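Q: Let me begin by handing over the structure; questions about it come next.
The values are calculated or read from the model by the stated rules, or taken from the named source; none is laboratory data. Quick caveat, the model's predicted, so the values are computed rather than measured. Counting neighbours? That spans all protein chains shown, and the Cβs are built from the backbone with ideal geometry, glycine included. Ligands, DNA and RNA are excluded from the accessible area calculation, which covers all protein heavy atoms including side chains. Shrake-Rupley method; radii C 1.70, N 1.55, O 1.52, S 1.80 Å.
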Amino acid sequence: MLMKTAAQPLSEQLAARFAQRIRDRLLAAGARLPSVRLCAQQQGVSPSTVVGAYDRLVAQGLVEARKNRGFYVRDMPVALVESARAAINSVALDKSTPVTSGMPSLRHRAPLNATALIRGMFDGISDKPQPGLGVLPPAWLQTTFLATAVRRSCSVEALNSFSLQYGEPSGDIGLRRALSAKLASHSVHAAPEQIITTVGATHALDVVSRTLLRAGDYVMVEEPGWAIEFARLDALGMRILPVPRRADGPDLEVMARYCEVHQPKLFVSVSVFHNPTGFCLQPGSAYRVLQLANQHNFYIVEDDTYSHFAPEHATRLCALDGLQRTIYVGGFAKILAPNWRVGYLAASPALAERLLDTKLLSTLTTPALLEKALAWCIEQGQLRRHAERIRTQLNAARARSVKLALGAGCSFASDPVGLFGWVETGVDTERLSQRMLDEGYLLAPGALFHAERQPSSLMRINFATTQEAQFWTTFVRLRDEQLGGR
């Protein structure tokens, strides 16, 4: 809220709010700021206050004014350089030539707004439940057995046995044995020697990419899909081929055309409870995907991040293929302890050796303490029982959230299952997300889930954090305000 009694002028407060959102990627490069009149109405201030705020943003190099079109967010790398130029030149006003005049002109692609949700998790938008976040609330994850598991690994003898030297390159052998048994319950058969632990599932995906790909290679990724994966591959210099995700699996006709024209090297897939749609791969589609992989010589990395929420006999490519052309990736951030950062991958014996080399180049080994604690949680059945409790709790939350969403005039673009809902709102959710931020809510607008940014009326909600009426009341008010302002 802007504070009219604060010592800082309202225009400075408003400029600071927009500047922070730009730096946090909550306002992406190219995004248009609200018109002066609309912003004044939304914030309850005078148009002159908004003009003063926008002028400050222009002076800071964060925003550019386009004649007769409005104010637009600048590309962040360029904006930061311009801001630095202004700061340096401000202390060199007595010189005829600015000290930064020889600095090279930067031309960067506008960055994807992929890290906005991650930054939002750490920035503490407000103490309200956040609909756009991708993890369960901390209260849901609190257990007594996590502390017990760590204490068991922290005796003097235990610490001295594994803390005073580098750990096993592939990861703690006890955890890899436990993971081997866990994977077998999903019909994915991998010996401990085929499993490599990583610093979370995202690190596992990165290890796979750096092992199998080179800059300029084509990679097929499901769309809508995980924004971080699009941005991560783009940062590595890959050429992204978006494959529409349908209820039964990826669009096979699109995949076949990509294979004929571009010869992709990799396909990244979330088979079970796909993010954000919640779709689960069906057997017929799975077999065809594997046929394409064998015919056109590409690998498949199967991200099974949501396995703990999944039906018992869900279809997995890795189970059907036996880890020949498939690589399994998993983790525990969604179900157990996000900050433990324990992930893993499983692959064929020959490919596992190559993947291990890449891991060694990036992290050497991974810390054994939490890996040993996690192994105990799995072996003692604590993780299994905890996951059962979470699924029961999530089912109840989902029912409440769906009822509230439908009551708010929304619909679901896919059946509401798993952790996330893919919700049709009827308005541009990227615009709506800025107004919801003013109310302390971080949304996940549909534009985030596309390889090329485009307006979307969809948003992803977390069922665990959208079961309170207050959020939906605020959503309806601001959505209707946006509809009325068209």
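Q: Any idea of Lys128's accessible area? Nearest 10 Å², probe 1.4 Å.
A: Here the residue's solvent-accessible area equals roughly 60 Å².
Q: Same structure, new question: Just tell me which lysines come within less than 27 Å, Cα to Cα, of Lys372; anything on the same chain fewer than 8 places away is out.
A: Lys182, Lys334, Lys359
Q: When we measure straight from the Cα of Lys403, which lysines land under 21 angstrom away, once same-chain ones fewer than 8 places off are left out?
A: Candidates past the 8-residue exclusion: Lys128.
Q: Hey, can you grab everything whose amide H is under 5 Å from the amide H of Leu241? Only 5+ residues off in sequence or another chain; H modelled, so Pro and N-termini drop out.
A: Val219, Met220, Val221
Q: Here's another thing I want to ask about it. Could you let me know the centre-to-centre spacing of the range 1-72 and the range 416-466, using Cα atoms, in angstrom?
A: Measuring centre to centre over Cα atoms gives 23 Å.
Q: Also, quick follow-up: Return the sequence-ordered ³J(HN,Hα) values of the range 440-449 in whole Hz as given by the Karplus equation 6.51 cos²θ - 1.76 cosθ + 1.60 applied to θ = phi - 60°, using x for Gly and Pro.
A: Rounded to whole hertz, the list is x, 10, 9, 8, 10, x, x, 4, 5, 9.
Q: About its Cα centre, how strong a charge dipole does the chain have in debye, to the nearest 20, once Lys and Arg get +1 and Asp and Glu get -1 at the Cβ?
A: On the way: 53 positive and 43 negative charges, 173 e Å.
My answer is approximately 840 debye.
Q: Using the Karplus equation 6.51 cos²θ - 1.76 cosθ + 1.60 (θ = phi - 60°), what ³J(HN,Hα) coupling, rounded to whole Hz, does each residue of the range 192-202 give in order, writing x for Gly and Pro?
A: Using θ = phi - 60°, the values come out as x, 5, 8, 10, 10, 7, 9, 8, x, 5, 4 Hz.
Q: Here is a further query. Would you give the gap between the C-alpha center of the range 184-259 and the C-alpha center of the range 134-148, rounded to a whole Å?
A: 28
Q: Roughly how big is the range 379-461's charge dipole about its Cα centre, with Cβ charges of +1 (Lys, Arg) and -1 (Asp, Glu), in debye to the nearest 20?
A: In debye, rounded to 20, the range 379-461 gives about 400.
Q: Hey, another quick one. Once the whole set of protein chains is in place, how much accessible area is left on Ser362, using a 1.4 Å probe, in Å² to the nearest 10?
A: For Ser362, the solvent-accessible surface is approximately 70 Å².
Q: Nearest 5 percent is fine: what portion of the DSSP beta bridges confined to the chain is antiparallel?
A: 60
Q: Provide the per residue accessible area, probe 1.4 Å, for the chain, rounded to a whole number of square angstrom.
A: 45
Q: Just by accessible area at a 1.4 angstrom probe, what is the order of Ser46, Ser456 from largest to smallest?
A: Ser46, Ser456
Q: Would you check the accessible area of Arg17, probe 1.4 Å, heavy atoms only, in square angstrom rounded to 10?
A: 40
Q: Could I ask something else about it? Of Cys318, Cys280, which has the most accessible area with a 1.4 Å probe, and how do the rest follow in descending order?
A: Reading off the accessible areas and sorting them downward yields Cys280, Cys318.
Q: Right, another one. Assign one of three labels to the range 310-417, namely rounded, prolate or oblate, based on the Cα gyration tensor with a ≥ b ≥ c the square roots of its eigenvalues; rounded applies when a/c is under 1.5, prolate when it is not and a/b is larger than b/c, and oblate otherwise.
A: Since a/c reaches 1.5 and a/b is larger than b/c, the shape of the range 310-417 is classed as prolate.
Q: How large, in percent, is the carbon and sulfur part of the accessible surface of the chain at a probe radius of 1.4 Å?
A: The C+S portion of the solvent-accessible surface of the chain is 54 percent.
Q: Ok, one more. Report, by chain and number, residues whose modeled amide H sits under 5 Å from the one on Ala444, excluding near sequence neighbours (fewer than 5 apart, same chain).
A: The list, which skips near neighbours in sequence, is Gly132, Arg460.
Q: Along the positive direction of the dipole of the chain (beta-carbon charges: Lys, Arg +1; Asp, Glu -1; about the Cα centre), which of Ala444, Thr425, Gln42 reaches farthest?
A: Of the listed residues, the answer is Gln42.
Q: For the full complex of protein chains and a 1.4 angstrom probe, list Phe279, Phe145 by accessible area with the highest value first. Don't jump to the answer; show the numbers that get you there.
A: Working: Phe279 40, Phe145 10 Å².
From most exposed to least exposed: Phe279, Phe145.
Q: Same structure, new question: Can you tell which of Ala19, Cys259, Ile378 lies farthest toward the positive end of the dipole of the chain, using +1 and -1 charges on the Cβ of basic and acidic side chains (Lys, Arg; Asp, Glu)?
A: Ala19
Q: Sticking with this structure for a sec: Given the options Gln8, His313, Val289, identify the residue whose Cα lies farthest towards the positive end of the charge dipole of the chain (+1 on Cβ of Lys, Arg; -1 on Cβ of Asp, Glu).
A: Toward the positive end, the furthest listed residue is Gln8.
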